[in-house]
Amino acid sequence: MKIGITCYPTYGGSGAVATELGIALAARGHEVHFITYQQPFRLPSFLPRVWFHEVDVGRYPLFEYPPYDLALAVRMHEVVRDHQLDILHCHYAIPHATSAWIAREMLREEHADVRLVTTLHGTDITIVGQERSFYTITRFSIEKSDSVTAVSNYLRDETYRAFGCVGCDVEVIPNFINPELYDRTRHHFPIPADITKGRKVLMHISNFRPVKRVRDVVRVFAGVNREVPAILVMVGDGPERVEAEAEARELGVAEHVLFLGKIEAIAPLLAGADLFLLTSDQESFGLSALEALASGVPVIGAHAGGLPEVVTDGETGFLFAVGDVQAMAAAGVQLLTDPAKWQRMSAAAAADARTRFSEDAVVAQYEALYERTMASAVRDQ
Ligand code: GMT
């Protein structure tokens, strides 16, 4: 099959999933075309059967807000037409699914066609899509997609609740991991031993948006560090990083908190972690938590959104009410001071991630969805 993929190319879960899906599809013999404004952050420079088409927005002085969605629609139209794509798969509805619909309308004027698949990832449904400026176009774009997927049951249900979509049958296809990549025995932890010596390693990975509550991450760490010497490794960057830095200073733990910035290769980092913290007030899935579990790192976090579908509370981690940093810290201390329990939980986490979220099984679900979507195109003719 020939598949176009559009996603946000910057540091974040939806771009990571879209890129890894494209790479896996190409490895299975499909032709994959990424269409976005910049090379996706997890896409290596060259892979067989993988193309990257940059969207050029231009800089006309009249445009205070350059119309990316239109430039994207034009590029999608060109790429579908020139490479005879079968499917355009948009990750994150806004504005990608809308641009794809415009591109398809343009193709239909030329007696051509393409099938549209939209994967809902999170705040496209839970926050941004529900804002007054975007609500109706988000609903419209979902309804105009030929197939719609959501990354968790929570997100599917939230889509039905918030948008009451008529005729949109949302299929849940979860995010996935490559089991070999997240095998902690394969990696060398890159942080120097003199920094970690005698200390447990707590880790957080995100794009530091307000929804992640990174101040809570630092508070949980400070609570753990009072009882168990530890360091906190903060991976990623974003608007709340300064808040997290300030919190670390205020709590007197700044010397034990490392801010590494946006690191692409996270598997070697996770291989040296003892606990992963994800304290978000909304998380439709929590890809970074899944990558931690796959690396044998128990997760402590908030009982929010779809995270309980990923972290099995009490077996592969512990989840508490959003903001309950004391309970999170106490659970962390308990686990880190009971090596046998940590071992059991670490092994359970790695096994569960492989059983429920392995790349092969999930990519096969997407392939089956594409097949069905194509078959419905033939029926419609
Ligand atoms: O929806 C977002 O806020 C952005 C998106 C991203 O690009 O990181 O995150 C969402 O998609 C990820 C991949 O499916 C999920 O793992 C994250 O849980 C989800 N983020 C939120 O729901 C806050």
Next on the checklist: List the residue ranges in the chain for DSSP H helices whose C-alpha atoms run 24 angstrom or more along the long axis and whose Kyte-Doolittle average is -0.5 or above.
Outcome noted: 359-380
Checklist entry - So for segment 184-356, what are the equivalent ellipsoid semi-axes in whole Å, largest first, each being the square root of 5 times an eigenvalue of the Cα gyration tensor? => result 21, 18, 16
Item to check | Solvent exposure of segment 1-99 as accessible area per residue, Å², 1.4 Å probe | outcome: 43
Next on the checklist: What translational diffusion coefficient, to the nearest whole µm²/s, does the chain have by Stokes-Einstein, given a Kirkwood radius computed over alpha-carbon pairs, a temperature of 10 °C and 1.306 mPa s viscosity?
Outcome noted: 74
Checklist entry - Mind checking which of GLU283, GLU20, GLU131 has the largest fluctuation in a GNM of the chain, springs on alpha carbons under 10 Å? => result GLU131
Checklist outcome for this item: Taking a straight Cα-to-Cα line shorter than 28 Å from LYS144, and setting aside same-chain lysines fewer than 8 residues away, one finds LYS2
Next on the checklist: Give me the net charge for the shell around VAL57: Cβ to Cβ below 12 angstrom, other residues only, Lys and Arg +1, Asp and Glu -1.
Outcome noted: -1
Item to check | FRET efficiency estimate (nearest 0.05) - Cβ-Cβ, ARG372 to THR185, R0 41 angstrom | outcome: 0.60
Checklist entry - So what's the back-of-envelope 222 nm ellipticity for the chain, counting only DSSP H runs of four-plus at -39500 (n - 2.57) apiece and dividing by all residues, rounded to 500? => result -13000 deg cm²/dmol
Checklist entry - Whole number please: convex hull volume per residue of the Cα set in segment 146-231, in Å³? => result 167
Next on the checklist: Under 10 °C and 1.306 mPa s, how fast does segment 82-217 diffuse according to Stokes-Einstein, given a Kirkwood radius computed over C-alpha pairs? Answer in µm²/s, whole number.
Outcome noted: 89
Next on the checklist: Once neighbouring chains are kept in place and the probe is 1.4 Å, which whole percent of the accessible area of segment 219-268 is contributed by carbon and sulfur?
Outcome noted: 45
Checklist outcome for this item: Using eta = 0.692 mPa s and T = 37 °C, Stokes-Einstein with Kirkwood Rh from Cα pairs puts D for segment 20-80, in µm² s⁻¹, at 255
Item to check | Backbone N within segment 228-269 under 20 Å of label point (7 Å from ALA193 Cα along the Cβ vector) | outcome: 229-232, 268-269
Checklist entry - Taking a Cβ-Cβ separation under 4.7 Å as the criterion for a possible partner, which cysteines of the chain have none? => result CYS7, CYS90
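The values are calculated or read from the model by the stated rules, or taken from the named source; none is laboratory data. Just so it is clear, the structure is predicted and the values come from calculations on it, not from any experiment. Reconstructed Cβ throughout: ideal geometry from the backbone, glycine too, with neighbour counts over all protein chains shown. When the accessible area is computed, the model is the full protein with side chains, heavy atoms only, and any ligands, DNA or RNA have been set aside. Shrake-Rupley method; radii C 1.70, N 1.55, O 1.52, S 1.80 Å.
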